[in-house]
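Structure record follows, encoded as structure tokens.
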Amino acid sequence: MNLNNLSISKINTLFKKKEIKPSEVYEQVFEKTSQSESILHAHLKIFQEEAINNSKLSDERYLKGEELSKLDGIPIAIKDNINLKNHETTCSSKILSNYVSPYDATVIDKLRKCGVIFTGKTNLDEFAMGSSTENSAFGPTKNPWNPDCVPGGSSGGSAAVVSVGSAIASLGSDTGGSIRQPASFCGVVGFKPTYGSVSRYGLVAFASSLDQIGPITNNVADAKLVFNAIKGHDPLDATSIEDKSVQIPKDKTAKVGVIKELMEDGISEDSKREVEKTIELLKAEGNEIVEVSLPLTKMALSIYYLIAPAECSANLSRFDGVRFGLREPGETSYEMMENTRAEGFGEEVKKRILLGTYALSAGYFDAYYGQALKARSLITKDFENKFQDVDYLISPTTPTPAFKFGEKTENPLEMYMSDLCTIPANLAGLPAISIPTGLSSEGMPLSVQIMSPAKTDNSLLDFSEKIEKLVGFTLKPTLLEDSK
């Protein structure tokens, strides 16, 4: 039985009918892990013994006929910047290589109560800073569709494990596209919820006003299931919002805006083609398609690369060798901290800390960070105004399909451009999803991105399910078949 082609709801039905057991599902998932890890390096830690024990406990619950969550017995991987009690949380950084979490993140606590089987911790760009997973201190993850290509980032490991079948779903974090971009590169679904709808408690902070935890799955229905399990107000997270979702009416055809600025220069013909194909399918179903202009989206990269590094500079100051993590010796406490950070942080993280510290420094705060905050508020207002006229917005998820290793490392601007289409949703706090739609001329996955107003997450997911059915993309990588 090929689990990659089954939704979580279908697997749950098989559990209830006793046609397959959670322990047998985990056995299949682990077999794919053992076959793929030597090629992909998608997991940093694999919880085999713990997962086997927990899957057998799930077997017993189903055998007793208990009323269980649909996620009970489902193997899910966790990005290694989300805390799991008694497990290492490294953020793919030397500075946290020996850190063992004493507590569970809120999302982990919620999934534990659902009976989820945690497969392990997945690889990422160090402290979630990157678009290719090449910045991990423990080596890069490779793309299951072509190991010569990057899986995207920063949640590259989380996307790769779902794509290859070594987890049924995974959790990632998205600060500027770090769920949606790798999901697109790996041909799976990636969903970034409305900012504040999912608790960030237990997520190691990169940029606190942008970070958001969300699911990576094989299909939209699974993303909806996981999202609804982890969402909700959390008093432990000051940025958490009340769960007062807004519904976009289902009983009418949708009005969809095509973002003009994200279909122009810098977007490959392959990426544009997928949007155009999806638009034609939506038109055929009676949906109204209009072109909309959001000129401030052209400033999104500049705004993001002032706000995110500034917040990272503040957040990463806690990693000083005093309380936890790596500690390098020094004759004074100042020298110890200096040595610890010099040895513990990678080049990309150092670059962003320096940029952020500069932007926040006396004499430059108003000119850089302050201006970026004002521009961000204008982008947010721009989206709010556009959503008065349309129900959803559509664009490519990424300007190009997955690129080769080393192709963009020498040119940071080219690397940062990978997040051109995804960053605006983070700046405005909007829900956004990446849906795989086809393959590039070189056989690599491509996706479209759909955005909707804040707090309309479930409406967005419902609409995305319709798009998914219209497009009918069901292809999976042949990595494991080719390696036999």
- Separation of the Ser268 and Ser97 label points, Cα + 7 Å toward Cβ, nm: 3.5
- Relative contact order of the chain, pairs being alpha-carbon contacts under 8 Å that are 6 or more residues apart, as %: 17
- Query: Looking at Tyr195, Val164, Phe405, which one has the Cα that reaches farthest to the positive end of the dipole of the chain (charges on Cβ: Lys, Arg +1; Asp, Glu -1)?
  - Reply: Tyr195
- Task: Give the span of the range 1-63's Cα atoms along each principal axis, as three whole-Å numbers ordered largest to smallest.
- Result: 36, 25, 14
- Relative to the present Cα-Cα distance, how much length would full extension add between Ser377 and Ile279 at 0.36 nm per residue of separation? 32.3 nm
- Part-to-part distance (alpha-carbon centres) for the range 418-440 and the range 224-273, which is given in Å: 9
- Note on the structure: Dividing the helical contributions, -39500 (n - 2.57) per DSSP H run of n ≥ 4, by the residues of the chain yields a 222 nm value, nearest 500 deg cm²/dmol, of -11500 deg cm²/dmol
- Task: Using 0.36 nm per residue of separation minus the Cα-Cα distance, give me the extension gain between Glu49 and Lys85 in nm, one decimal.
- Result: 11.4 nm
- Quick one: dipole size for the chain, taken about the Cα centre, charges +1 on Lys/Arg Cβ and -1 on Asp/Glu Cβ, in debye to the nearest 20. 1020
- Query: In Å, what Rg and Dmax follow from the Cα atoms of the range 37-152?
  - Reply: 15.7, 47
- Note on the structure: Over all pairs of different Cα atoms in the range 170-291, the reciprocal of the mean inverse distance gives a Kirkwood radius in Å of 16.5
- Task: May I ask you to derive the FRET efficiency for Asp366 and Arg318 from their Cβ-Cβ distance with R0 = 25 Å, giving the value to the nearest 0.05?
- Result: 0.45
- Percentage relative contact order, the range 342-484, counting C-alpha pairs under 8 Å, at least six apart: 21
- Query: Modelled label-to-label distance, Glu414 and Glu328, 7 Å Cα→beta-carbon offset: nm?
  - Reply: 3.0
- Message: I need the calculated FRET efficiency for the pair Lys350 and Val292, taking r as the beta carbon distance and R₀ as 45 Å, to the nearest 0.05.
- Response: 0.70
- Item | Diffusion constant of the range 388-484 at 4 °C, which comes from Stokes-Einstein with the Kirkwood Cα-pair radius and 1.567 mPa s, µm²/s | 85
- Of all DSSP beta bridges in the chain, what percent run antiparallel (nearest 5)? 65
- Query: Using a basic spin-label model with each label point 7 Å from the Cα along Cα→Cβ, how many nm lie between Thr474 and Ser245?
  - Reply: 2.7
- Query: Quick one: which of Lys113/Lys351; Lys113/Lys244; Lys298/Lys350; Lys113/Lys142; Lys192/Lys277 span more than 28 angstrom between C-alpha atoms?
  - Reply: Lys113/Lys351; Lys113/Lys142
- Task: Order these peptides, 343-355, 296-308, 165-177, by their mean beta-carbon neighbour count within 10 angstrom, highest first.
- Result: 165-177, 296-308, 343-355
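The numbers here are math on the coordinates, done by the rules we state, and not lab data. The model shown is predicted, which means the values in this text are computed figures rather than measured ones. Positions of Cβ are backbone-derived with ideal geometry, glycine not excepted, and every protein chain shown enters the neighbour counts.
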